[in-house]
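Before any comments, here is the structure.
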Amino acid sequence: MSIGQLELIRESLIAVVHEMRANVIRSSYSSIIYEGHDFSCALVAADGRLVAQGAADNPIHIFAVPYSTARIVEAFADDIHEGDIFLHNDPYTGGTHLNDVLMLYPVFDRGRLALFAATRCHWGDVGGMTPGSLSGRVREVYQEGLRITPTRICERGRMNDAFLGLLFDNMRIARERRGDFNTMLGTSRKAAEHLRRLFDRFGGDTLLDAVETLIAGAERVMRERIAAVPDGTYQAEGYLDNDGHGDEPLVGRLALTIDGDRIEADFTGSSPQTMGPTNVGPAMAFNAVASIVKSFLDPDTPVNHGSFNPIAIVNPPGSFLNATLPAPCGGMVECRALMCGLVVSALGRAMPDRLVGDLKGGANHVYVSGPRPDGDGIFLLYEYPAGGTGATARGDGNHAVRAFPEGDFNAVQSVEVVEAQCPLRVERHTLREGSCGDGEHRGGLGLRREVRVLVDGASLSVLADKNVIPPFGVAGGASGAANRFTVVRGGVSIEPSPVPGKVGGFALRAGDVVRMESSGGGGHGDPLARAASAVASDVALGYLDADQAARRYGVVLGPDGVDLDATEAARARLAAAVLRAPVVARADDDIERSRRRLTLPPALAGALEVEDGDLVELTTPSSGAALRAWARVGAVDDVLALGPVGRSVLGIAPGDEVTLRVVRREPQ
Amino acid sequence: MAAPGFLVGIDVGGTFTDVVAYAGDGRALALAKVPSLPGEQWRGVLEALSALGIAPTAIRAFVHGTTIATNALLERKGARTALVTTAGFRDVLEIGKCRRLAGGLFDAAWQRPPPIAPRDRRLEVAERTAADGTVLEVLDPAALASLAETLSARGAEAIAVAFVNSYVNAGNELAAAAALREALPGIPVSTSAALAPERGEFERTSTCVLNAYLTPVMTAYLTRLADALAERGVVAPVDIMGSNGGAMTLDAAAERCAGTFLSGPVGGVVGALRVAGDAGVRDLVTFDMGGTSTDVALIHDGRPRMSHDNQIDAYPLQMPQLDIHTIGAGGGSIVWVQPDGTLGVGPRSAGAVPGPACYGRGGTEPTVSDANLLLGRLPTARALSGGLVLQRERAERAFATLGRNLGVTDVVALADAAVRIAVAKMAGAVREVSVHRGFDPRDFALVGFGGAGPMHAFLVAAELGMSRVLVPPHPGHVSALGQMLADMRRDLVEVWGGRLSQLDLGDLRARADRLRARGGDLLRADGIAPERHRFAFSVDARYAGQSFTLPITWEPTDVDWTPLRRAFDARHEETFGYADATNDLEIVNLRLVATGLVDQPVLDLAPHGAGDPRIERRAVWLDGWREVDVLDREKLGIGTALDGPLIVEEAGGTTVVPPGWTVEVHASGALLCASG
């Protein structure tokens, strides 16, 4: 291949994806796609390996496509022909959640299957129990809508209208679904035309050879980068709030092994699958690991499968991170976020300069739906308010914005669009002051958004995590505020569900205000080491109030700015009050069902104002994520005992000192 | 009949300030190029005028393309800006709709560009208008008075007022602005609905804040420029080129300065449109390639396309601009090896300083210009205009170093690859304004200008299957020419619409009449006599249920909706691959472009030189080394027909015509080129 040819082919393939995106955005029917941009496009090899995606395409969607494609290729093998089109959304064979529908369009070169054009769009509703399909209160996948296992919807150019009819007849706002389907179809056709022109121009063989060379190049870079990371096994542990029904958290466990130029991510030991929405199918563990590995090790090389070849996943079926039928999977983004957090924590200990505080813990799906005042069907507001992002060694997190492992699309809708189209009035769209996780670099603030419902008969559904267990800080940084979704009725705040963040069709009345508060990002480093001038600036901008600056950062502000003497004294007082203790070894980890327990001597518990069952955490300046545990107040020696996994997660040895502190849903 | 005196167009670029002046039919165009003076743009303008050597009093019209707005934003040198919003919405500017809008994928340490008005200068006031325009809460004058005090105490130098739903009813917004103007004389106040009366509080607020931020800087610049010109004896009115492709008065520019971000690039589009039109070409893609960036725009049937949802940096801007797509690749783009071993071109640029290696001014990294030199496409033996002699050995050294990192010794093959990659990027930009908007580039001629445009246009055209290329006369001065020729223009929009099946044509006509009257008033205020007013209406339309709209021309003479409906279905089919004839249409906005025609002189840009055009024969790499003729454009007579491969040199650029292309010197002076 001549010099430059490779680059030209890469540019050309990325151009195809860009064109697909432009097409979807401009011709789609549902606001979730045109306003929300909740869709992605990619080119995939005939065996399912990722060939190209665009800079705006969402890894949540795209990094799962290879798995789906491989299943489709497996199912249809030699029976794939020109004019065939496949549809898929089944989580157990590589889908994300049922709303994300994948169209796979095979493109042939001289009779040979060469590439697939893949378009994955979030359909606003795919049937199921509640409008919008996602709900925090489902018990089986059938309540989340129609499941499409790998299905050929068009055979040699002949569309299976009966199948499509059945599909659309069982979805709300069918006209919109058909419109989105047409958009995907038009987009795929244009992509195929474009690809055929490239086959003509470069020659199909040359083009496919170039694809292999590009994949090999990306793999080489990734292997070099992995090889530079210290070998070892790094463990991480994290929790989802619950399964949407009870209050037992779900634990995710990761043992991440760096071995030369390979990475193995082993999720063995995570909680069993549940009867609630917080499960994922087999594609998502790879998705999460690939997203963080790419971010930490080689963010710049254009995305193709080569970057992922050095990654191996161990994830036994039957856990909530690799669920089987009939576990619902609506909480896919929540489970992926947990896994991303585990990888950040584990890989971050091997690469401390990359560590980043945790964020909102998933999508924060919020649906407000009800009858249209004109009697013409229903209205549906779907938003997924972003939270603050985590802080890093290099700087503060950002306020209420899509985070680095997510595609860049709108998370809330335009107030004026909402008000023009729905009987709703948005009364507030502001930062959630004080919600940041503290640290030398603080996390970003969450969002506070209030929507008043102007009609009777509407309902609210929410599917969100981190309403109970807040986003973690790193390297000693503190947790951000947890998500919170409430309804204000007659001036009084009420809980729309017994399980925070999991709401299924709560009946709203005219005049009710739906209040969404997204979480703050986790902090990085010791808050008492934050520059006093930075804290003063946060106060000037109203991100924190003066009282919070004093209590959380020990920064005392006078009329002329920072009161240096008072600040020094306050910081010394706060530093002295931090509880530090050496850790002693115990033979096994103290685990009760899913929860890690930590037995505290009564004196220590008293000093922390901790009661039995409260959430606490252990950190060190060099730890990744803080290690969470539920306190057990008991008569033990005046020591903190940790089992081998706990010590490994913190990267400490017996005798090392750790900081012990209480974890609250909002920073105090 | 044109009045006596000079028309003058001045385009300020990053490196050079270009000026053209035209004294009347049949006279030669006067051209000059002087170095730009960063921070003192107005002085560069004066020097450019001096360089022309014409009497200031002889100037009768003067249009200026300025980069003041762009520079002030890039360097964050705008005013201390405050924002006043509806209670509950002061953070709309900072949060938007939670998008990053500026990269950040896979980058955990990414930080969002800070909002132009920081949170302590964003104040809320109790007021509310509903989506149907009903005022739910009126303004309290006492609250405004205290707000004004706070603004003053916080040192606000410019104020933006942006209220929720003001696009439907701007009453509260205007009342607040009036009260603030009265309480704070001397501080400019921008209002969101006056600038962008369209749905979308984030975009409208952002637009308003950008405008407020730039107003003091722009006013100061325009005042200084006007004073300096008056001092030199220029009596002609000075107009500023707007991003919408038309000129505006200084007053309008000061009021709507966020409408001047594309002031410079727009000149190129207008100039190319005129030059191509003179050569009978109405469907074209402009390709304006300079040292660090390249601007492309599509013109269909003599009309440039507009774009209404724009973004400057990470900030949305909802004002009509010509749909110009800019990429960070040009002659100075640096060629490098990416981590995966592939060759990269740009976005880093050697800029004007140190410049490409072959300039011999300290640059050592290989650039696209160095590649062209190694391929024989730029001269080495002779000085360029400006006296610079390019140094081949420096370019060779730069590429040899690059080659060692790649294990390649053939610097020519490497240079060829670098140019091809740059061309692929350019082709991507052309695809963006054509294919992505539903146009087939093969139906268009590529018009190559700017310092590096004529050298690359043929390669870009070939990449896209385009069979026609046009190289304007004076390719280095097309932007200034466009400034000189600009008509006055005002864009108006009214949010109006609904389902087509339920809309009343009479209502639309009545609204159109009112809009036209407003447009006429504005043009009269700009000093344009009514017989020179031209009005063009369009509506933003979509299928019911969609969000993105397509602009569709509407004639007030239409007797029913049929022409509109037909035009929309056809446009949708073209753009997205399908039409939905069963679905109702939804109209969202009515738009009016009000144009005030200025005298359009008959330009005579044909070459005047005579004699043998041959400068030399030299070896040029065009898929292999070939000996080709290098010709002097000044000596190519009208009607001359030539076959590629050949090179045409002139002061403003080098045209490289590959084999398989024919060249004809058109009566207008343009080179019309076609491939078999």
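Brief remarks on what is shown
Here's the yes/no breakdown for (1) within 14 Å of another protein chain (Cβ to nearest Cβ); (2) of a type in the set (A, V, I, L, M); (3) more than 30 Å from the chain's Cα centre (by Cα):
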{"position": "A:T486", "(1), (2), (3)": "no, no, no"}
{"position": "A:V492", "(1), (2), (3)": "no, yes, yes"}
{"position": "A:G511", "(1), (2), (3)": "no, no, yes"}
{"position": "A:G520", "(1), (2), (3)": "yes, no, no"}
{"position": "A:L528", "(1), (2), (3)": "no, yes, no"}
{"position": "A:D547", "(1), (2), (3)": "no, no, yes"}
{"position": "A:V556", "(1), (2), (3)": "no, yes, yes"}
{"position": "A:V562", "(1), (2), (3)": "no, yes, yes"}
{"position": "A:L574", "(1), (2), (3)": "no, yes, yes"}
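- Any hit, region A:329-340, residues being more than 12 Å from chain B (Cβ to nearest Cβ), touching a helix residue (DSSP H, G or I) at 6+ places or on another chain (Cβ under 7 Å), touching a residue at least 12 places away in the same chain (Cβ under 8 Å) and in a loop (DSSP other than H, G, I, E, B): yes
- Boolean, B:G104 is within 9 Å of another protein chain (Cβ to nearest Cβ), under 30 Å from A:G348 (Cα atoms), outside any strand (DSSP E or B) and not acidic (D, E): yes
- Residues in region A:505-547 that are among the hydroxyl-bearing types (S, T, Y) and surrounded by 23 or more Cβ atoms within 10 Å (Cβ to Cβ): A:S518, A:S519, A:Y543.
- Among the residues of region B:398-410, the ones that are within 11 Å of chain A (Cβ to nearest Cβ) and under 16 Å from B:G376 (Cβ atoms) come to 1 in all.
- Within region A:216-304, strands (runs of 3 or more DSSP E) holding 2 or more residues that are farther than 23 Å from A:D353 by Cα, modelled with pLDDT of 95 or more and away from every other protein chain (no Cβ under 14 Å): A:232-240, A:250-259
- So A:D614, is it more than 20 Å from A:R253 (Cα to Cα) and at pLDDT 95 or above: yes
- Exactly one residue out of B:V63, B:V45, B:V34 is in a helix (DSSP H, G or I) and of a type in the set (A, V, I, L, M, F, W, C): that is B:V45.
- Considering region A:395-414, the residues that are in contact with a Ser or Thr (Cβ under 8 Å, 6 or more places away or on another chain) and of a type in the set (A, V, I, L, M) include one that is farthest from the other protein chains (Cβ to nearest Cβ), namely A:A403.
- Pairs linking a residue in region A:224-237 that is outside the structural domain of A:S307 (by TED's automatic domain parsing) to a residue that is outside any helix (DSSP H, G or I) and among the basic types (K, R), with Cβ atoms under 7 Å and 6 or more positions apart or on different chains, are A:I226/A:R262.
- Filter result for the condition that a residue is away from chain A (no Cβ under 14 Å) and of a type outside the set (G, A, S), over B:L597, B:L585: B:L597
- Of the residues making up region A:80-101, one or more are within 17 Å of A:A327 (Cα to Cα), touching a residue at least 40 places away in the same chain (Cβ under 8 Å) and of a type in the set (V, I, T).
- Note on region A:415-430: residues that are facing chain B (nearest Cβ under 7 Å) and either among the polar types (S, T, N, Q) or touching a Phe, Trp or Tyr at 6+ places or on another chain (Cβ under 6 Å) (or both) total 2.
- Residues within region A:606-655 that are free of Cβ contacts under 8 Å to residues at least 40 places away in the same chain and of a type in the set (S, T, Y), tallied: 0
- Filter result for B:I95 (facing another protein chain (nearest Cβ under 7 Å), in contact with a Leu (Cβ under 8 Å, 6 or more places away or on another chain) and either closer than 28 Å to A:A391 by Cβ or at pLDDT below 95 (or both)): yes
Rundown of residues vs (1) touching a residue at least 60 places away in the same chain (Cβ under 8 Å); (2) under 26 Å from the mean Cα position of the chain (by Cα), yes/no style:
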position	(1), (2)
A:F163	no, no
A:D169	no, no
A:G179	yes, no
A:R189	yes, no
A:F199	yes, no
A:G203	no, no
A:T206	yes, no
A:L214	yes, no
A:A218	yes, yes
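- Filter result for A:A77 (more than 10 Å from every other protein chain (Cβ to nearest Cβ), at pLDDT below 90 and more than 20 Å from the chain's Cα centre (by Cα)): yes
- Qualifying residues in region B:411-439 (those that are surrounded by fewer than 23 Cβ atoms within 10 Å (Cβ to Cβ) and not in a helix (DSSP H, G or I)) - the one farthest from the other protein chains (Cβ to nearest Cβ): B:F439
- Filter result for the condition that a residue is part of a helix (DSSP H, G or I), touching a residue at least 60 places away in the same chain (Cβ under 8 Å), surrounded by 17 or more Cβ atoms within 10 Å (Cβ to Cβ) and away from every other protein chain (no Cβ under 14 Å), over B:L605, B:L590, B:L564: B:L564
The values are calculated or read from the model by the stated rules, or taken from the named source; none is laboratory data. None of the values given here were measured: they were computed from a predicted structure. Note that each Cβ is placed from the backbone with ideal geometry, even for glycine, and that neighbours are counted across all protein chains shown.
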